[in-house]
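Below: the structure, in structure tokens.
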Amino acid sequence: MKYYIRRWHYLLGLFAAIWFILLSVSGFLLNHTAELKLKQRFITTDWMLEHYGIKVLPILNGFKLRDQLWLTHSKNSLFLNDVILDNNIQQLQGAVLFQEQFITILADNMLFLLTLKGELIEKLNYLPADPQNIGIFENQVILKTKDSYFVTNETFSHWKPFEKIEQVNLSTLEILPINLKENINKNNKLGLLNIEKFLLDLHSGRIFGWWGVYVMDAMGLILLWLAGSGGWLWLKRQSALKIK
């Protein structure tokens, strides 16, 4: 019996040691969250995101502003090529290049004017009702609404009805180049699952889902058994030494 108890004591002790190493490492890292910037570091592995129930739809299309300059959108993220510009855009409705040096975006029923580097110049909230798309006609920005078309001046301060509808070049979605599509979809996973949350779930056992509670309970029972079996083995050894 002593042999079997010793054997199980060693095996469970080894298992517990591995578990406590994980707890120690995760606990140490969590104590230094700010220094290690764990909230700003993200996990992008597909199987880990799936484990958390996070579904990332691939981005396939975008608005081509000119060669090698694309504007795309996924969930709340707005991309200029593969760089995230904003994480609070719910709907991208259109985008065009204005005067070859400004990006004009229609999103969330607002108009955004950006530099070619994606820096915000101005945001316009007051537009004709029900805007749906934007386009270009003779270097002028045209706004398409549900029922009509409107043209604005160079300062975007005034809108007036526009009648040359058939000559407007409205923005349209196009298929992204393969390399750009891969880079955007990789960056699209950023911000969904940070390392701090992963370590917190690992440390508490929640990473195992609903049965993580039972894993932690099992580790508690193993600890009790190790303490009891260790004490029993020590007493046996002391008794054997006294007999000698």
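The values are calculated or read from the model by the stated rules, or taken from the named source; none is laboratory data. For clarity, every value in this text was computed on a predicted model and none was experimentally measured. When we count neighbours, we look across all protein chains shown, and the Cβ atoms used for this are built from the backbone with ideal geometry, even at glycine.
Some notes on this structure:
Per-residue answers, yes or no, for (1) of a type in the set (A, V, I, L, M, F, W, C); (2) touching a residue at least 12 places away in the same chain (Cβ under 8 Å); (3) on the phi > 0 side of the Ramachandran plot:
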| site | (1), (2), (3) |
| --- | --- |
| Gly13 | no, yes, no |
| Ala16 | yes, yes, no |
| Glu35 | no, no, no |
| Trp47 | yes, no, no |
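Conditions (1) under 33 Å from the mean Cα position of the chain (by Cα); (2) under 18 Å from Gln99 (Cα atoms); (3) modelled with pLDDT under 85; (4) outside the structural domain of Leu106 (by TED's automatic domain parsing), marked per residue:
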site: Lys123; (1), (2), (3), (4): yes, yes, no, no
site: Ile134; (1), (2), (3), (4): yes, yes, no, no
site: Phe137; (1), (2), (3), (4): no, yes, no, no
site: Lys146; (1), (2), (3), (4): no, no, no, no
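- Per the listing Ile59, Ile54, the residue uniquely out of contact with any strand residue (DSSP E or B) (no Cβ under 7 Å at 6 or more places or on another chain) and on the phi < 0 side of the Ramachandran plot is Ile54.
- A single entry from Leu233, Leu241 fulfils the requirement of being surrounded by fewer than 18 Cβ atoms within 10 Å (Cβ to Cβ), modelled with pLDDT under 80 and touching a helix residue (DSSP H, G or I) at 6+ places or on another chain (Cβ under 9 Å): Leu233.
- Looking only at residues in region 78-113 that are touching a residue at least 60 places away in the same chain (Cβ under 8 Å), closer than 18 Å to Leu173 by Cα and surrounded by fewer than 21 Cβ atoms within 10 Å (Cβ to Cβ), the one that is nearest to the chain's Cα centre (by Cα) is Asp82.
- Checked against the criterion of being at pLDDT 85 or above and among the hydroxyl-bearing types (Ser, Thr, Tyr), region 195-205 contains not a single residue that satisfies it.
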